[in-house]
Amino acid sequence: MNWDDLKYLIAVSEKGSLKAAAAHLGVNHTTAWRKMQNLEKQLRSQLFVVDRRGYLLTDMGSLILDSARKIGIINHIFRRTVMYGGY
């Protein structure tokens, strides 16, 4: 698993659909679907259920999302530190 995979998890959870998440990330919806399938396989857990309202997080998906957001903050701080020498 890498940060790129987690970005897709965050985008799908925030946008509610693969299509909207893919548009937000600037990729094809099949790429977003493949990334989510790969992440679920790596984690050996279903992260979303799909119903007429869109993609809804499972309990495990919510736990992973919380960690993914924290990793995103750390990643942002790290990149800014490396690139600009500070926050």
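So which residues in region 56-74 are touching a residue at least 60 places away in the same chain (Cβ under 8 Å) and closer than 23 Å to Lys19 by Cβ?
Here is the first cut: in region 56-74, the ones touching a residue at least 60 places away in the same chain (Cβ under 8 Å) are 68, 71-72.
Scanning region 56-74 gives Ala68, Gly72.
Residues being exposed (fewer than 14 other Cβ atoms within 10 Å of the Cβ) and at pLDDT 90 or above are entirely absent from region 1-12.
Scanning region 44-55 for residues that are in contact (Cβ under 8 Å) with a residue 12 or more places away in the chain and either within 13 Å of the chain's Cα centre (by Cα) or in a loop (DSSP other than H, G, I, E, B) (or both) yields Ser45, Gln46, Leu47, Phe48, Arg53, Tyr55.
Among residues of region 4-32 that are more than 12 Å from Gly72 (Cα to Cα), those with a beta-carbon under 7 Å from a residue that is surrounded by fewer than 17 Cβ atoms within 10 Å (Cβ to Cβ) and of a type in the set (Val, Ile, Thr) at least six positions away or on a different chain give the pairs Ala22/Thr31.
The values are calculated or read from the model by the stated rules, or taken from the named source; none is laboratory data. Small disclaimer: the values here were computed from a predicted structure and weren't measured. Quick reminder, even Gly has a Cβ in these numbers, built from the backbone with ideal geometry, and neighbours come from all protein chains shown.
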